[in-house]
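The block underneath contains the structure these notes are about, expressed in structure tokens.
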Amino acid sequence: TAFLQKGALVSQSVGRVWIEMSSGRPTGFGTGFLVSPELMMTNHHVLPSKSSARTSKIEFNYQFDDRNRMMPTIMFDLDPDIFFVTNQNLDYTVVAVRHDGTAGSNLGLFPWNRLVAVEGKIIISQYMNIIQHPGGEPKRVALRYNQLIDVLDDFLIYQTDTRAGSSGSPVYNDQWEVV
């Protein structure tokens with residue numbers, strides 16, 4: 001049960017990204033996850049610029065509870081003027097998140113994922129776990145049918161069955177470490 005308990009804990013760090021809300025409606029959705037008490041990571045193609053991040057948000061708890069009811073969500077603005085780093089070739093963006101969310105919530109209530117640059121957290125043919133918002137839908141977990149196929153210098157190649165909106169999702173090993 002420890003595997004599931006740890007997965008439930010790290011899933012709290014994963015949110016749905018509302019992309020470019022300048023018109024009051026998102027142009028799309030992605031997934032992002034906290035990598036520090038105040039930074040969120042997603043894909044570059046989800047948030048490619050400071051201007052796109054400035055009008056985007058991250059929403060936590062967009063998921064069903066254990067009684068299959070929608071949980072109350074909490075929305076946070078992004079703050080690329082405080083911190084914004086992106087890399088098109090490696091397809092990642094890290095951006096600051098404002099601490100105060102809707103309903104008086106504080107970002108400090110959510111756990112975050114430590115990024116550790118150590119090789120060997122996953123090896124070819126092992127299965128991985130993905131926490132995502134496919135199609136902008138409520139949070140889902142993909143267990144076991146995500147297999148590492150190859151390790152390149154800058155990329156891990158894995159086989160999975162995900163949809164649009166899953167971009168930016170953290171990929172975990174069985175110890176729930178981001179790989």
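Annotations for the structure displayed:
- Computed extension length for N87-S49: 12.7 nm, one decimal, from 0.36 nm per residue of separation with the Cα-Cα distance subtracted.
- Given the alternatives (i) 10.3; (ii) 23.1; (iii) 12.7, mean projected area of the Cα convex hull in nm² as computed for this entry is given by (i).
- Which listed pairs, of K57/K139; K6/K121; K50/K121, have C-alpha distances above 27 Å, in listed order: K50/K121
- Helices in the chain, meaning DSSP H runs of at least 4 residues, each add -39500 (n - 2.57). Divided by all residues, the mean residue ellipticity at 222 nm is -2000 deg cm²/dmol.
- Mean-square fluctuations from a GNM of the chain, with a 10 angstrom spring cutoff on Cα atoms, peak among K121, K50, K139 at K121.
- Average accessible area per residue (Å²) across segment 44-179 - probe 1.4 Å, nucleic acids and ligands excluded: 57
- Neighbour net charge for V179 - beta-carbon separation under 11 angstrom, K R +1, D E -1: -2
- Charge tally for A117 (other residues, Cβ to Cβ under 14 Å; Lys, Arg +1; Asp, Glu -1): -2.
- Computing FRET efficiency as 1/(1 + (r/R0)^6) for F64 and R25, where r is the C-beta to C-beta distance and R0 is 22 Å, gives about 0.40.
- When the Gaussian network model of the chain links Cα atoms closer than 10 Å, the mean-square fluctuations of G108, G30, G15 top out at G108.
- Using the Cβ of E20 as centre and a radius below 15 Å, the other residues enclosed give a net charge of +3, where K and R count +1 and D and E count -1.
- Backbone geometry of segment 66-74 corresponds, through the Karplus equation with coefficients 6.51, -1.76 and 1.60 at θ = phi - 60°, to 3J(HN,Hα) couplings of 5, 10, 6, 10, 5, 7, x, 9, 10 Hz, x marking Gly and Pro.
- The portion of the accessible surface of the chain made up by carbon and sulfur, rounded to a whole percent, is 51 (1.4 Å probe; DNA, RNA and ligands excluded).
- Between D174 and L109, the simple spin-label model (points 7 angstrom out along Cα→Cβ) gives 3.5 nm.
- The chain: most fluctuating residue of D79, D100, D161 per GNM, C-alpha cutoff 10 Å: D161
The values are calculated or read from the model by the stated rules, or taken from the named source; none is laboratory data. Bear in mind the structure is a predicted one, so any value in this text is a computation, not a measurement. Virtual Cβ from ideal backbone geometry, glycine too; neighbours counted across all protein chains shown. Side chains are part of the model used for accessible areas, which takes the heavy atoms of the whole protein and leaves out ligands, DNA and RNA. Shrake-Rupley method; radii C 1.70, N 1.55, O 1.52, S 1.80 Å.
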